[in-house]
Amino acid sequence: EDDDDMARDVRERDDDVDRLWFVVSRIFRATLRSPRAAEELGLPRETCFDYHSSARQLERIGDHAAKIASHALNMNEIDGELGEALLELHDDSAEVLEHAMDALFADESDEATRLANTARESILDIDEHTRAIDELLRERDPHTAQSIGLVVDSLSRSADYAGNIAETALQKAAPRP
């Protein structure tokens, strides 16, 4: 949206995400030291592990959001076909994360499995968008192409991290032996 204030806000929020990650990590470590800590949370230790793993992926996504925001501060407005392609890539990457998180918190195993598989399959769309944007970048000057390429990489990696959350949701939903 070419909004410098929003970009700065995203960068500042990364510190909040980091702090939340540390809180989750400390709580998880407490559940490892004492089963009573997990009982006090009202969660099985396996679920604590799943949430800890997913929180780490979210922290990484936050890092990439901050990286994208930093690049956005140094870019001019992106318009036309390239702008639309980037917006579509962003929307698809965010959708992967949304499905993955819904799968992680789904109460029913069948629903969690369906949502997680939808998230994982959507990553293929991300790969297609990435290749299409790479073609469009050939028409841009090298500096712009490099900056946008780094944004594309961060969006793609964010979708991959969301895919990791979907994998965790699948493991959580799997029948117990």
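Is it true that Asp14 is touching a Ser or Thr at 6+ places or on another chain (Cβ under 9 Å), open to solvent by less than 60 Å² (accessible area, probe 1.4 Å), assigned to a helix (DSSP H, G or I) and among the charged types (D, E, K, R)? Explain how you work it out, then say what you get.
Numbers: touching a Ser or Thr at 6+ places or on another chain (Cβ under 9 Å): no; open to solvent by less than 60 Å² (accessible area, probe 1.4 Å): yes; assigned to a helix (DSSP H, G or I): yes; among the charged types (D, E, K, R): yes.
No, not satisfied.
When segment 90-123 is filtered for residues that are among the aliphatic types (A, V, I, L, M), touching a His at 6+ places or on another chain (Cβ under 8 Å) and either at pLDDT below 95 or closer than 16 Å to Ser53 by Cβ (or both), the ones remaining, listed by number, are Ala116, Ala119.
For (1) of a type in the set (A, V, I, L, M, F, W, C); (2) in a loop (DSSP other than H, G, I, E, B); (3) closer than 30 Å to Ser147 by Cα, each residue gets a yes or a no:
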site: Leu32; (1), (2), (3): yes, no, no
site: Cys48; (1), (2), (3): yes, no, no
site: His52; (1), (2), (3): no, no, no
site: Asp63; (1), (2), (3): no, no, yes
site: Met75; (1), (2), (3): yes, yes, yes
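Residue by residue through segment 34-46, note down the ones that are in a helix (DSSP H, G or I) and either of a type in the set (A, V, I, L, M) or at pLDDT 95 or above (or both). Can you show your working first?
Here is the first cut: in segment 34-46, the residues in a helix (DSSP H, G or I) are 35-41, 45-46.
Scanning segment 34-46 gives Ala37, Ala38, Leu41.
Of all the criteria given as (1) closer than 30 Å to Gly149 by Cβ; (2) hydrophobic (A, V, I, L, M, F, W, C); (3) surrounded by 13 or more Cβ atoms within 10 Å (Cβ to Cβ), the one not satisfied by Leu104 is (1). Select from segment 87-101 the residues that are out of contact with any Asp or Glu (no Cβ under 6 Å at 6 or more places or on another chain) and in contact (Cβ under 8 Å) with a residue 60 or more places away in the chain and write down the one among them that is most open to solvent (accessible area, probe 1.4 Å). Result: His90.
Would you point out the residue of segment 68-86, among those that are in contact with an Asp or Glu (Cβ under 9 Å, 6 or more places away or on another chain) and buried (at least 17 other Cβ atoms within 10 Å of the Cβ), that is farthest from Met6 (Cα to Cα)? Don't jump to the end; show me each part of the working.
Taking segment 68-86 first, the residues in contact with an Asp or Glu (Cβ under 9 Å, 6 or more places away or on another chain) are 69, 72-73, 75-78, 82-83.
So of that shortlist, the ones also buried (at least 17 other Cβ atoms within 10 Å of the Cβ) come out as 69, 72, 78, 82.
Numbers: Ala69: 8, Ala72: 10, Ile78: 16, Leu82: 21 Å.
Among them, the one singled out is Leu82.
Under the condition of being within 16 Å of the chain's Cα centre (by Cα) and buried (at least 17 other Cβ atoms within 10 Å of the Cβ), the residues counted in segment 17-55 number 8. Looking across segment 111-128 at every residue that is touching a residue at least 40 places away in the same chain (Cβ under 8 Å) and out of contact with any Asp or Glu (no Cβ under 6 Å at 6 or more places or on another chain), the one that is nearest to His90 (Cα to Cα) is identified as Ile123. Here Ala162 clears all of (1) closer than 30 Å to Glu111 by Cβ; (2) open to solvent by 10 Å² or more (accessible area, probe 1.4 Å); (3) small (Gly, Ala, Ser) except the condition numbered (2).
Which of the residues belonging to segment 77-112 are outside any helix (DSSP H, G or I) and over 18 Å from Asp141 (Cα atoms)? Quick ask: steps written out before the conclusion?
Within segment 77-112, the subset outside any helix (DSSP H, G or I) is 77-79, 106-108.
Result: Ala106, Asp107, Glu108.
Screening Asp2 on (1) of a type in the set (D, E, K, R); (2) assigned to a helix (DSSP H, G or I); (3) more than 22 Å from Ala100 (Cβ to Cβ) shows it passes everything except condition (2).
The values are calculated or read from the model by the stated rules, or taken from the named source; none is laboratory data. Please read these numbers as outputs of a predicted model, since none were measured by experiment. So basically every Cβ, Gly included, is an ideal-geometry build from the backbone, and we count neighbours across all protein chains shown. Side chains are part of the model used for accessible areas, which takes the heavy atoms of the whole protein and leaves out ligands, DNA and RNA. Shrake-Rupley method; radii C 1.70, N 1.55, O 1.52, S 1.80 Å.
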